[in-house]
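The structure appears below as structure tokens.
Derivation of every value follows stated rules applied to the coordinates shown; laboratory data play no part. Everything numeric in this text was worked out from a predicted model, so none of it was measured. Glycine also receives a Cβ, built like all others from the backbone with ideal geometry; neighbour counts cover every protein chain displayed.
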Amino acid sequence: MLSINDSVQPLSKFDDDPAVIYALDSRLCLVYHNAAWNRFAIENGAPDLADDTLIGRDALELVALPLQRFYLQGFARVLRELRPWEHVYECSDPGKYRKFHMQVLPLERSALLVVNSLVAEADILPEKHAALEEYAGSGGIVTMCCHCRRTLRAAKAKSVWDWVPEFVAQMPARCSHGLCPTCLAYHYPAMDVRELGR
């Protein structure tokens, strides 16, 4: 079994791996991330996440609020059972559809190794331009799914979620994150909608 202690098998052997790889200690604080983490952060408009200042920080702080409990439960299960956990998720941008496979592996000393491998990527055809007022709800807040990044139309009675490339490219100034019904049902079937405060 790997260890976060470099004298056993150093995590640095993952430095050049193309998958986004990071390690968490038993408190779920970030103790390592590879170069692919930095590239991914920069390519997706988050250069502030592409340096070593995050080491020691609670990894769940970097996860959208509606998903924190889901990841906490998954990580805790791996730490408790010492068995891998896998999850497939989407992380697209305005021009590319991307699907990732996450594998969470137990390490020695109650730590975790998280490997995010790209499994599918395709160009997205441009869609119609969206008017902000079509999506801004009360107080001018736009709600985007933290999983697939689709945007909730302001007329919430129908609960229609659209792919709006320009909102993914540049998030509206007043934006909140939620989970669309499709992502909730497909990716998190065990989660109760009431847990999300709906």
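Worth a mention:
- Rounded to 10°, Cα long-axis angle of helix 65-81 versus longest principal axis of the chain: 30
- Stokes-Einstein D for the chain, Kirkwood Rh over Cα pairs, 4 °C, 1.567 mPa s (µm²/s): 71
- When you restrict to C-alpha pairs under 8 Å that are six or more residues apart and normalise by the size of the range 38-187, the relative contact order lands at 17 percent.
- Ala46 paired with Ala185, simple spin-label distance in nm, labels 7 Å along Cα-to-beta-carbon: 2.8
- Cα→Cβ-extended label distance, 7 Å offset, between Arg27 and Lys96, nm: 3.5
- Mean Cβ neighbour count within 10 Å, used as a protection proxy, ranking 42-51, 109-118, 135-144 highest first: 109-118, 135-144, 42-51
- For the range 132-196, the dipole from Cβ point charges (+1 on Lys and Arg, -1 on Asp and Glu) about the Cα centre works out to 80 debye, to the nearest 20.
- Here the range 132-196 carries DSSP beta bridges of which approximately 50% are antiparallel, counting only pairs with both residues inside.
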